[in-house]
Every structure is written in C-alpha cells, then in structure tokens.
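The values are calculated or read from the model by the stated rules, or taken from the named source; none is laboratory data. Everything quoted here is computed from the prediction, not taken from an experiment. Glycine also receives a Cβ, built like all others from the backbone with ideal geometry; neighbour counts cover every protein chain displayed. For the accessible areas, the whole protein counts, side chains as well, though only heavy atoms, and no ligand, DNA or RNA atoms are used. Shrake-Rupley method; radii C 1.70, N 1.55, O 1.52, S 1.80 Å.
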Amino acid sequence: MKIEYFILAAMWIFGFISFILFIPRKERRKGFLALMIFQAFIWLCDMPSFKYGLLSAPVREFPKATDLSITINYFFYPVMFSIFYVKRRVRGSAWARFKYFFVWISVLTLFDIGIERYTDLLEYGYLTWYGMWIYIGLLFCVSQVCCNWFFKDKAFFQAERRET
C-alpha cells in the first residue's frame, strides 16, 4: 500500500514541476487551456468506460479510487498533454509529427499499464493494453484538433496546406 501513496504523490509533484519547467512562461496560457480541454474530453470518455466495465478502480479506504482518477485523469495526463501540445513541432514532415505523437502516447500507455499491473490503483476490465493505447491516442487527437481550432495556429494550417 505504501507504493500507491508514493506513486500518487510522485505524479502530483512531477506534474507541477514539469508544467512549470517544460512550458515556457509565454506559452503557459496555451498550456493551461490544453490542460483544461484534455480534462474535458477525458471526463466525457471516462463516464462510459467505467459504466460499461472497460476500466474499474477498486474501492478502498485510502488511496481511494477517486484519488487515482483525480490524479491521473484530471491532472497528470492533462499536464502531459499540455506539454505535448506546447512542445510539438508545427513545421516539419508529417512523419516526424507522427513519431512525436506515437512516442508520447506509447510512453503514457506504458506508464498506465505499469500502474495497472504492479499496483492496486487501477484494474482494466475488458480493455487490453492496445485498447488503452488507442484510447489515449484518440484523446490526444481529439484534444489536439480542438486546441488547434481554438488557437488557429496559422503556421500549423499553412504547413498542412503546403504538404497537400
């Protein structure tokens, strides 16, 4: 049970420090908005996931199932997405952008699989590791499209137009 406390505390500490260190001051507004957009989409996707048994969190005294959900879904993954969104390369080949996207969702999936396998914080129901990879990838894609639409990054849209 001590490892669960450590993991939750480490996610909070690492999330705060990485948000401050990896997002430049002039991009913090963009990073915070990306964080909130990802939170919204993950909240909408988590409701059916828990209702239909794709994911489940065991009920205990502490850390409760809600502690992990708040930590990982509403803080840690959104912080990771905001760093991904702010640090992405707008210009560059489509292959380089795909590799960057692939590495981010793969690392987060491995982290999630490690939490599920080696702790009692999370249990996959009918969801497999590749299902979680697709789930995180879909969340990143939808959130990125929404952030791009909101910020209307001209360089991104012009780079896309030149490639086609």
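Considering only lysines 8 or more places apart in sequence, or on different chains, count the pairs in segment 3-163 whose C-alpha atoms sit under 25 Å apart. Here the count comes out as 13. Ligands, DNA and RNA are left out, and with a 1.4 angstrom probe the accessible area of segment 3-163 is 59 Å² per residue. What distance in nm separates the simple spin-label points at L44 and Y100, each placed 7 Å from Cα in the Cβ direction? Computed distance between label sites L44 and Y100 equals 2.5 nm. Of the residues Y52, F32, S93, the one whose Cα sits farthest towards the positive end of the charge dipole of segment 3-163 is S93 (charges of +1 on Lys and Arg Cβ, -1 on Asp and Glu Cβ, taken about the Cα centre). By the Cα gyration tensor, segment 3-163 has an equivalent ellipsoid whose semi-axes, rounded to whole angstrom, run 29, 17, 14 from largest to smallest. For I3, the accessible area of its heavy atoms, probed at 1.4 Å with every protein chain present, is near 90 square angstrom. Taken along the Cα-to-beta-carbon direction at a fixed 7 Å, the label points for L110 and C141 span 2.3 nm. So, with a 1.4 angstrom probe, what is the percent of accessible area on segment 61-136 that is carbon and sulfur? After summing per-atom areas, the C and S share lands at 66 percent. In this rough spin-label picture, where each label sits 7 Å from Cα along the Cβ direction, the Y5-R28 distance is 3.2 nm. Computed extension gain for Y126 through F16, at 0.36 nm per residue and net of the alpha carbon distance, reaches 36.4 nm.
Diagonalising the gyration tensor over the Cα atoms of segment 94-138 and scaling each eigenvalue by 5 before taking the square root yields semi-axes of 23, 11, 6 Å, largest first.
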